[in-house]
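Okay, structure first, notes after.
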Amino acid sequence: MLFLYDLAVSSYSCKTRILLRHKGLKWTTLSPPDGYGSSAYCKIVPSGTIPALVHDGFTLAESDAIAEYINDLHPQPAMLPKDIQNRANIRALSRFHDTRIEPVLRAYFAQVAPASRSDNFIAQNATLLQKRFDQFNQMIVPSPLLMGNQLSLADCGFAPSFAILRCLQGLLGFNFVLPARLRAYENALVAHPSVCNEYDDYVATLEKWVATKCNET
């Protein structure tokens, strides 16, 4: 039995849920006791982060580690190439997303509530975000995904990030242009059968969260 400490609005949790769906696995969602980062939750997951997977008494945090573990536990459908260099490249793209793109997008979360917005920060962050996506654009030749027609470990993180980008650019109006190659990749990714339902659910959750934050005084 798989248990997942999870929050619906967490992009890393969405990434993990896409992976679980693709593997055809069933899991039980658990809410972190007293919220993630709490003392109660840190007794279970010392880092206090989400998601965290519990399997047969084994607890594992960090979405990349969880992805590798699940892919080893249930090898089919394969989400890493057989060739060692291609495998390394998919891992590198996943790390690039998690360390270079996702944190820049997440930085906009603090700008959602109108009272906390800074036009200067929004513009400066957009410049960095454009740089990161332009770099990513130079790294890949999707066909149509990062591993041809097969969903890879690296693809899973980009789906919620595209949702965040679309939602927050519409809200905050920052200057950003997604390169044409990445627009085609986005369209193929969010239409994938293992991604589309989770993506739609995440978009709805994100929009609800944004609406709540926008009503804060």
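For the stretch 62-70, check the following and say yes or no: at least one residue is in a helix (DSSP H, G or I), over 26 Å from Gln135 (Cβ atoms), open to solvent by 10 Å² or more (accessible area, probe 1.4 Å) and modelled with pLDDT of 95 or more. So far as the stretch 62-70 goes, yes, one or more of its residues are in a helix (DSSP H, G or I), over 26 Å from Gln135 (Cβ atoms), open to solvent by 10 Å² or more (accessible area, probe 1.4 Å) and modelled with pLDDT of 95 or more. Does Val45 meet the test of being farther than 23 Å from Leu165 by Cα and open to solvent by less than 10 Å² (accessible area, probe 1.4 Å)? Answer is yes for this residue.
Inside the stretch 71-172, counting only helices (runs of 4 or more DSSP H) that do not spill past its ends, which hold 2 or more residues that are modelled with pLDDT of 95 or more, β-branched (Val, Ile, Thr) and closer than 30 Å to Lys213 by Cβ?
Those helices (runs of 4 or more DSSP H) span 119-139.
Number of residues in the stretch 168-205 that are over 22 Å from Leu145 (Cβ atoms), of a type in the set (A, V, I, L, M, F, W, C) and under 16 Å from the mean Cα position of the chain (by Cα): the value is 2. Within the option set Leu189, Leu206, Leu178, being open to solvent by less than 20 Å² (accessible area, probe 1.4 Å) and not in a helix (DSSP H, G or I) holds for one residue only, Leu178. Please specify each residue of the stretch 87-126 satisfying the condition of being farther than 17 Å from Ser63 by Cα, open to solvent by 70 Å² or more (accessible area, probe 1.4 Å) and in contact (Cβ under 8 Å) with a residue 24 or more places away in the chain. Once the filter is applied, which keeps residues that are farther than 17 Å from Ser63 by Cα, open to solvent by 70 Å² or more (accessible area, probe 1.4 Å) and in contact (Cβ under 8 Å) with a residue 24 or more places away in the chain, the stretch 87-126 yields Ala115, Arg117. Condition (residue is part of a helix (DSSP H, G or I), closer than 19 Å to Gly157 by Cβ and open to solvent by 30 Å² or more (accessible area, probe 1.4 Å)) applied to the stretch 48-58: is it met by at least one residue? The answer is no; no qualifying residue exists.
The values are calculated or read from the model by the stated rules, or taken from the named source; none is laboratory data. Fair warning: this is a prediction, and the values are worked out from it, not measured in the lab. Cβ coordinates were reconstructed from backbone atoms using ideal geometry, including for glycine residues, and neighbour counts include every protein chain displayed. Areas reflect the complete protein model, heavy atoms only, side chains present, ligands, DNA and RNA absent. Shrake-Rupley method; radii C 1.70, N 1.55, O 1.52, S 1.80 Å.
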